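Undergrad: Provided herewith is a single structure, encoded as structure tokens, for subsequent inquiry.
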Amino acid sequence: MVSRGFEPTVITYGILLNCCCNQGDFSNARKVFDEMLQRRIEPNVVIYTILIRVFCNGSEMEEAERIFKSMKESGVDPNLYTYVTLIDGYCKMGDVKRVFELYSDMLWNGLRPDVVTFANLVDVLCKVDNLKAAQNCFVYMTKFGVFPNSYVYNCLIDGYCKAGDLVEAMQLLVQMERNGISVDVFTYSILVKGFCDSGKLEEAKDLIEKMGKAGILCNTVTYNVLIDGYCKMGYMEKAIDVCSQMTERKIEPNVITFSTLIDGFCKKRNIKAAMGLYTEMVIKGLVPDVVTYTALIDGHCKVGNNKEAFELHKEMLDAGVTPNVFTVSCLIDGLLKDGSTYGAIKLFLEKTGVGCPGGKVDHRRLCSPNDVMYAVLIQGLCKDGRIFKATKFFAEMRCNGFKPDVVLYVIMLEAHFRFNHVIDVMMLHADVLKMGVMRNTSVYHVLSRGYKENAYLKHAQMCSEHLMEYDIQCP
């Protein structure tokens with residue numbers, strides 16, 4: 001176009017920027033914008049808003065804010081869509097403070113919020129468990145002449161479901177129907193998940209039946225939620241029945257369906273059934289993902305089939321699937337249970353890249369250790385009597401900013417007491433106080449018993465007194 005002598009306009013650049021936004025292409029978005037400025041074409045509110053959306057979609061909020069500031073300094077007034085774009089970006093980050101700062105700024109500039117604005121406000125408040133404020137925001141909409149749509153209702157219903165308030169969630173469903181607002185498959189899927197998470201599986205199944213009577217077709221997501229609910233409760237026959245219903249209704253199970261069932265059977269230690277499903281999945285042409293492989297590896301490790309677990313690990317690498325931190329944690333746990341402490345430590349170091357020369361490491365196959373991986377390794381080392389190694393990894397875990405849970409503190413304390421490392425116990429005791437978990441009675445029981453057995457009677461008495469404060473008798 002340019003080579004033929006045609007001059008691009010602000011509309012041309014708007015289209016190009018919008019393309020970059022849809023592709024998540026930050027680099028080219030910036031180049032397009034810079035080229036536009038070089039051609040002395042003044043960006044308008046649409047251009048600035050699209051560029052802000054590019055960075056918001058990529059969670060690059062600092063860059064989005066910089067463009068927003070530059071926009072105002074250039075004398076271009078943000079419109080409602082500009083504010084909604086920024087609010088949406090901060091909602092995804094869970095930054096409630098900045099969301100409401102932008103909302104206030106928007107009102108101050110005389111812009112009236114629309115249904116999308118309120119949907120974002122309700123959604124972010126639900127995500128931070130402030131349901132009272134979300135409900136107030138929901139009610140406040142009508143003062144602006146804005147009425148909630150199905151998306152706003154779905155956000156609020158999801159908030160109540162996650163809080164376990166299924167009564168209020170169902171009342172909102174009734175309110176939707178009464179107000180003539182279309183109840184869709186997403187609404188029902190949210191409710192089905194809410195009932196499943198609360199262990200009310202029959203009610204969840206009834207909701208699916210209600211969907212059918214209302215003429216709303218279930219999708220794979222709805223069925224997967226119910227299958228997951230049955231699997232978590234260990235009701236594998238019912239989970240398989242739901243899967244059969246899917247097939248009967250011409251809804252094909254996907255990778256998530258098979259992975260959920262495989263994980264369920266692995267947790268029941270029925271590896272034969274899990275591998276059978278894995279074979280069926282591959283025959284159907286579905287490609288196993290990291291969740292599928294991790295479930296199978298965990299299942300094999302739990303029954304002592306480490307050889308098969310590592311064969312699956314090799315298979316996933318050959319297939320180009322990168323193991324995640326949970327995959328590696330399962331393999332480490334399997335090695336520790338098999339008595340291969342050296343192998344577990346070696347695998348940890350290899351997979352995290354700790355202590356390996358930079359040139360010899362394939363960074364694409366590394367994973368950053370999390371609290372779960374550290375906990376698995378430390379617990380295994382303590383049980384194997386490798387307290388010094390466990391202490392080293394515990395210190396590294398703390399240095400990396402991870403907060404040990406009560407179980408890990410108890411295991412470490414018991415191990416130190418077992419080897420009469422009372423000074424280490426006292427240091428760990430101080431760390432427990434610092435982390436604010438001392439009110440847990442399990443810790444007090446271990447300390448009281450351990451100090452007493454090691455003849456530190458004054459310390460034992462102090463711990464016993466703390467137990468008495470919580471009306472719990474010291475053993």
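The values are calculated or read from the model by the stated rules, or taken from the named source; none is laboratory data. Keep in mind that this is a model prediction, so the values were computed, not measured. Cβ sites come from the backbone with ideal geometry, for glycine too, and all protein chains shown count toward neighbours.
Undergrad: When you scan the range 270-287, do you find a residue that is touching a helix residue (DSSP H, G or I) at 6+ places or on another chain (Cβ under 7 Å), among the polar types (S, T, N, Q) and not in a loop (DSSP other than H, G, I, E, B), even just one?
TA: No, because not a single residue in the range 270-287 is touching a helix residue (DSSP H, G or I) at 6+ places or on another chain (Cβ under 7 Å), among the polar types (S, T, N, Q) and not in a loop (DSSP other than H, G, I, E, B).
Undergrad: Within the range 64-82, does at least one residue satisfy the condition of being farther than 25 Å from MET141 by Cβ, in contact (Cβ under 8 Å) with a residue 24 or more places away in the chain and assigned to a helix (DSSP H, G or I)?
TA: yes
Undergrad: A follow-up question, please. Kindly check whether there is at least one residue in the range 442-453 that is touching a Ser or Thr at 6+ places or on another chain (Cβ under 9 Å) and within 21 Å of THR341 (Cα to Cα).
TA: No, every residue in the range 442-453 fails to be touching a Ser or Thr at 6+ places or on another chain (Cβ under 9 Å) and within 21 Å of THR341 (Cα to Cα).
Undergrad: Moving to a separate point now. Can you work out which of the residues in the range 131-154 that are polar (S, T, N, Q) and closer than 25 Å to LYS200 by Cβ is surrounded by the fewest Cβ atoms within 10 Å (Cβ to Cβ)?
TA: Within the range 131-154, the subset polar (S, T, N, Q) is 135-136, 142, 149-150, 154.
Within this subset, residues satisfying the condition of being closer than 25 Å to LYS200 by Cβ are 135, 150, 154.
Numbers: GLN135: 18, SER150: 15, ASN154: 24.
Ranking the candidates gives SER150 first.
Undergrad: Out of the residues in the range 391-444 that are more than 23 Å from TYR456 (Cα to Cα) and among the acidic types (Asp, Glu), which is modelled with the lowest pLDDT?
TA: ASP405
Undergrad: Residues that are farther than 30 Å from ASP95 by Cβ: which helices (runs of 4 or more DSSP H) entirely in the range 1-62 hold 1 or more of them?
TA: Correct list: 10-23, 26-38.
Undergrad: To continue, here is another question. Inspect all residues belonging to the range 155-178 and state whether any of them is closer than 23 Å to SER104 by Cα, within 23 Å of the chain's Cα centre (by Cα) and surrounded by 16 or more Cβ atoms within 10 Å (Cβ to Cβ). I'd like the intermediate steps shown before the answer.
TA: The first filter runs over the range 155-178 and keeps only residues closer than 23 Å to SER104 by Cα, leaving 155-156.
With the extra rule that they be within 23 Å of the chain's Cα centre (by Cα), the set shrinks to 155-156.
Filter again for surrounded by 16 or more Cβ atoms within 10 Å (Cβ to Cβ), leaving 155-156.
Yes, the range 155-178 contains a residue that is closer than 23 Å to SER104 by Cα, within 23 Å of the chain's Cα centre (by Cα) and surrounded by 16 or more Cβ atoms within 10 Å (Cβ to Cβ).
Undergrad: Moving on. Would you say LYS250 is part of a helix (DSSP H, G or I) and within 29 Å of TYR293 (Cα to Cα)?
TA: Here the answer is no, as LYS250 does not meet what is asked.
Undergrad: Within the range 275-296, how many residues are touching a Cys at 6+ places or on another chain (Cβ under 6 Å) and surrounded by fewer than 24 Cβ atoms within 10 Å (Cβ to Cβ)?
TA: Going through the range 275-296 one residue at a time, the tally reaches 0.
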